[in-house]
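Notes to accompany the following structure.
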Amino acid sequence: MILSDHAIREAIDSGDIVIDPFDPSRLGTNSYDVRLGKTLATYSSETLDARKHNKIEMFEIPGEGIILHPGTVYLGVTEEYTETHRHVPFLEGKSSIGRLGIDIHATAGKGDVGFCNHWTLEISVAQPVRIYQLMPIGQLIYFEVSGKVDTLYSTKESAKYNKRSPLPMESMMWKNKF
């Protein structure tokens, strides 16, 4: 079941959901709009290797915006820091973003109960498009969980994205054993 605006507010009031900064005007009927943070990153190497730590180069979005180009993976980040302690968060792109040919995640739209961080965005574009810091980029949708959660993401030893950071995080696939 998806949380309504009223249920999201109740969960924020109880501390089960944290959104910082929280702006009531960005609360939709059953979602919360998040904005693009100021930092983007791209991978340093043209060829990526799933078994190696692929380095990234970070840069800030200037006031006049920045043009993104097809064929490049851009890592962005939400301006908002979030926590969820009893619900499963899903991050989806806003329809207005999709209509500009912007995808904000390739595969990682679902968070885990216990995820506490800014969201790293895996941005790709269909054609060149100018984007801006603090533009609405996505919407968080919260689902109820059925059953007791034994291990929150924030307490898992194997969790690779637990370190709080307002910066985009590169892939940590290389930490997996395969």
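Laboratory data are not the source of any read-out in this text; all were calculated from the coordinates shown. Every value quoted in this text rests on a predicted model; they were computed, and no experiment measured them. Note that we place each Cβ from the backbone using ideal geometry, even for glycine, and neighbour counts take in every protein chain shown.
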Report task. Determine whether Ser146 is more than 13 Å from the chain's Cα centre (by Cα) and among the small types (Gly, Ala, Ser). Result -> yes
Query raised in the report: Mind checking whether some residue in the range 46-60 is surrounded by 16 or more Cβ atoms within 10 Å (Cβ to Cβ) and either small (Gly, Ala, Ser) or on the phi > 0 side of the Ramachandran plot (or both)?
Result: no
Report task. Just one of (1) out of contact with any Ser or Thr (no Cβ under 9 Å at 6 or more places or on another chain); (2) closer than 25 Å to Ile8 by Cβ; (3) surrounded by 12 or more Cβ atoms within 10 Å (Cβ to Cβ) trips up Met172, so point out which. Result -> (2)
Query raised in the report: Got a sec? Which strands (runs of 3 or more DSSP E) wholly within the range 111-178 have at least 1 residues that are touching a His at 6+ places or on another chain (Cβ under 7 Å), charged (D, E, K, R) and in contact (Cβ under 8 Å) with a residue 12 or more places away in the chain?
Result: 116-125, 136-144
Requested in this report: Kindly provide the set of residues from the range 94-140 that are surrounded by 18 or more Cβ atoms within 10 Å (Cβ to Cβ) and aromatic (Phe, Trp, Tyr), ordered by number.
Outcome: Phe115, Trp119
Query raised in the report: Considering only residues of the range 41-74 that are assigned to a strand (DSSP E or B) and among the aliphatic types (A, V, I, L, M), which is nearest to Lys175 (Cα to Cα)?
Result: Ile56
Query - Pairs where the first residue, in the range 14-36, is in contact (Cβ under 8 Å) with a residue 60 or more places away in the chain and the second is outside any strand (DSSP E or B) and among the aromatic types (Phe, Trp, Tyr), C-beta under 8 Å, 6+ apart - result: Leu36/Tyr132
Report summary line: Taking the range 158-167 and keeping only residues that are within 11 Å of Thr120 (Cβ to Cβ) and in contact with an Asp or Glu (Cβ under 9 Å, 6 or more places away or on another chain), one is left with Pro166
Query raised in the report: Taking the range 86-110, which residues are free of Cβ contacts under 8 Å to residues at least 40 places away in the same chain and not hydrophobic (A, V, I, L, M, F, W, C)?
Result: Ser95, Gly98, Arg99, Gly101, Asp103, His105, Thr107, Gly109, Lys110
Requested in this report: Looking only at the range 1-22, count how many residues are in a helix (DSSP H, G or I) and of a type in the set (Ser, Thr, Tyr).
Outcome: 1
Report task. For the range 141-153, enumerate the residues that are surrounded by fewer than 16 Cβ atoms within 10 Å (Cβ to Cβ) and under 18 Å from Thr82 (Cβ atoms). Result -> Phe143, Glu144, Val145, Val149
Query raised in the report: If you check every pair at least six apart or on different chains, which have Cβ atoms under 6 Å apart with a residue in the range 42-63 that is over 26 Å from Lys177 (Cα atoms) first and a residue that is assigned to a loop (DSSP other than H, G, I, E, B) second?
Result: Glu60/Lys38; Ile61/Lys38; Ile61/Gln133
